[in-house]
Structure formats: C-alpha cells, structure tokens
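Here the structure comes first, spelled out in structure tokens, and everything after it is commentary.
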Amino acid sequence: MPVADDTDALGETVERRGEGREGGGEDDSLPINELFCSLQGEGQLAGVPSVFVRTSGCNLRCWFCDSYHTSWEPTGDWYGVADLVAAIGEFDADHVVLTGGEPLIHDASVDLLEALADRGYHTTVETNGTIYRDAPIDLASVSPKLASSTPTDERDPKGDGEWADRHEQRRLDVETLAQLLERYETQLKFVVTGPDDMDEVETLVSRVRAGTDATLPDDRVLLMPEGQTREQLNETREVVAELAIEFGYRYTPRLHVDLWNDAPGT
C-alpha cells in the first residue's frame with residue numbers, strides 16, 4: 001500500500017479522535033499512511049526483514065518527526081483488519097512493526113495485533129509511551145519524548161507555535177512508561193540531539209526504574225541520533241555513539257536512513 005493522499009478527510013477525523021486516547025474509523029478500520037516491507041532500521045532488531053504498518057494520527061508533535069504526514073498533516077486511507085492482514089501476508093517476513101504516528105491512539109490497533117498473534121507473527125509496536133493498551137505485543141519499542149522534541153516557535157514546522165504547550169504537557173507519562181515495562185518486553189529508545197539531552201535521559205530512566213519492580217537494564221536503554229537524512233546523521237551519529245559509551249547505554253543506528261536516505265517506503 002503506497003502513501004495515501006486523502007489529507008483533508010483523514011486529517012479531520014484523526015485530529016478529532018486521535019488527540020485523546022481513542023480513535024479509529026468504522027468498526028475495526030485503521031487510518032493507514034503506508035504499508036511496506038523493509039529492514040527494521042532501529043533498536044535491538046535492526047536489520048530484521050519486517051513489514052511496516054504505519055498508521056496516521058498522533059497525540060504529540062515532535063518538531064523533528066520523521067513521519068510528518070502521520071502527525072503534522074495526517075494522510076492515508078481507512079483499511080479493515082482483514083485487509084491489512086491479507087496485505088501483510090503478501091510479504092515473506094514474519095516480523096511486523098506497527099508504527100505511526102502513534103498507533104496506540106487507535107482502538108483497532110489491538111484488533112490488528114490480536115489477528116497477527118493468531119497467525120504467529122512477531123510484533124513490534126513503536127510508541128511514544130503515553131498510552132497503554134492490553135494487546136499481544138512481543139516488543140514495545142518505546143520512544144519517550146525529551147524536552148528537545150517540543151515544537152517551540154523557532155522549530156515549529158508550521159511556524160505558528162500552536163502545538164508547543166500541548167506537546168510539552170503530554171510528552172511524558174512515567175506511570176504509563178512503567179506500566180509498559182511491567183507488561184511487555186520493552187526497549188526505551190531516546191532520540192538524542194546532543195549532550196544537553198543526557199541529564200533528562202538519566203533522570204527519566206531513574207524515575208521509571210523507581211516506579212516499577214520490573215527490570216530496566218542499561219542495554220535496553222537505547223540512544224539514537226536525530227536525523228532524517230544521511231547528511232543530518234553525519235552530524236550527530238558520532239556524538240551520540242560517544243554518549244552511549246560514556247553513559248553505558250546502547251547505541252542504535254538509523255539503518256534505513258544509512259541505506260536509503262529519506263526515501264518513502266523504507
């Protein structure tokens with residue numbers, strides 16, 4: 001399924017329903033921006049052939065969002081779970097990544113995950129960690145948003161600063177992060193813009209550990225360089241790699257960017 005173009009209709013529906021913690025079309029449908037097969041580019045499963053199901057709609061607005069047309073300007077078409085499972089089955093991969101946007105704002109994401117579990121797929125859900133769902137998830141790839149993600153006036157892609165306060169108020173939910181860690185195999189993946197982010201990373205990791213009896217080892221805390229193109233990554237990857245060494249966390253590449261730059265469907 002290619003990137004879809006129904007900007008106005010989808011944008012209105014997703015913005016209305018997706019700003020809270022529930023969303024979706026009729027019945028078990030999901031707003032899909034794209035569905036494709038590639039290599040997982042990030043985290044502990046980097047390099048694994050995977051089918052990506054990218055939903056539209058997000059409750060946050062990171063200024064550096066690498067899927068602009070699922071957040072700032074949601075685009076896509078509505079598909080039922082049965083159609084999505086059939087499309088996934090056309091690819092020779094047993095790992096499915098449900099991503100976005102923020103896929104967990106949609107009730108039907110649970111229906112899709114249950115259908116995939118019934119068919120033996122390994123699933124990763126890429127989430128910002130502000131929403132909990134009870135669903136069969138093999139790996140919760142949780143990317144808490146640091147203060148450096150907030151779309152301040154000088155960084156807002158639309159230039160109107162409308163989302164800054166909402167994003168800042170919503171971007172962290174330590175209770176939900178702890179709940180995800182208790183329920184699922186979890187990796188915490190931080191998009192790092194530089195050394196100034198590390199005090200917040202350290203503080204948040206400590207708060208999550210204090211809020212749960214579940215274990216969060218250092219090798220499940222991943223530092224990932226910010227950058228949507230090879231050129232941007234060239235400016236940040238070495239700095240972030242050195243930070244991972246210094247703090248004892250794990251560095252994760254953006255393999256898909258290294259291989260295909262910012263091409264869609266990768």
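Scanning the stretch 195-207 turns up no residue that is at pLDDT below 95 and of a type in the set (Val, Ile, Thr).
Among the basic types (Lys, Arg) and under 16 Å from residue 144 (Cα atoms): does that describe residue 220? It would help to see each step written out before you state the result.
Details: among the basic types (Lys, Arg): yes; under 16 Å from residue 144 (Cα atoms): yes.
Yes; evaluated as a whole, the condition is true for this residue.
Within the option set 144, 136, being surrounded by fewer than 16 Cβ atoms within 10 Å (Cβ to Cβ), farther than 13 Å from residue 32 by Cα and touching a strand residue (DSSP E or B) at 6+ places or on another chain (Cβ under 8 Å) holds for one residue only, 136.
Condition first: part of a helix (DSSP H, G or I) and either crowded, with 19+ Cβ neighbours inside 10 Å or touching a Cys at 6+ places or on another chain (Cβ under 8 Å) (or both). Now tell me which residues in the stretch 221-243 satisfy that.
Step one: filter the stretch 221-243 for residues part of a helix (DSSP H, G or I), giving 230-243.
Passing the criteria: 233, 237, 240, 243.
Among the residues of the stretch 77-102, those that are surrounded by fewer than 23 Cβ atoms within 10 Å (Cβ to Cβ) and either of a type in the set (A, V, I, L, M) or in a helix (DSSP H, G or I) (or both) comprise 81, 82, 83, 85, 86, 87, 88, 93. Taking the numbered list (1) in contact with a strand residue (DSSP E or B) (Cβ under 7 Å, 6 or more places away or on another chain); (2) over 22 Å from residue 177 (Cα atoms); (3) small (Gly, Ala, Ser) in turn, residue 89 passes all entries but (1).
For the stretch 104-139, the tally of residues that are closer than 14 Å to residue 51 by Cα and aromatic (Phe, Trp, Tyr) stands at 1.
Are any residues in the stretch 50-67 under 12 Å from the mean Cα position of the chain (by Cα) and of a type in the set (Val, Ile, Thr), and if so, which ones? 53, 55 - these are the residues of the stretch 50-67 that are under 12 Å from the mean Cα position of the chain (by Cα) and of a type in the set (Val, Ile, Thr). The combined condition, being without any contact (Cβ under 8 Å) to a residue 12 or more places away in the chain, in a loop (DSSP other than H, G, I, E, B), of a type in the set (Ser, Thr, Tyr) and over 27 Å from residue 52 (Cα atoms), is not fulfilled by residue 203. Please tell me if residue 123 is of a type in the set (Val, Ile, Thr), at pLDDT 95 or above and touching a His at 6+ places or on another chain (Cβ under 9 Å). Yes; evaluated as a whole, the condition is true for this residue. Contact annotation: residue pairs with Cβ atoms under 9 Å, 6 or more positions apart or on different chains, pairing a residue in the stretch 214-235 that is among the small types (Gly, Ala, Ser) with a partner that is in a loop (DSSP other than H, G, I, E, B), are 227/64; 227/66; 227/254. When restricted to residues that are part of a strand (DSSP E or B) and buried (at least 18 other Cβ atoms within 10 Å of the Cβ), the stretch 46-76 contains 6.
The values are calculated or read from the model by the stated rules, or taken from the named source; none is laboratory data. These figures come from a predicted structure and were not determined experimentally. So basically every Cβ, Gly included, is an ideal-geometry build from the backbone, and we count neighbours across all protein chains shown.
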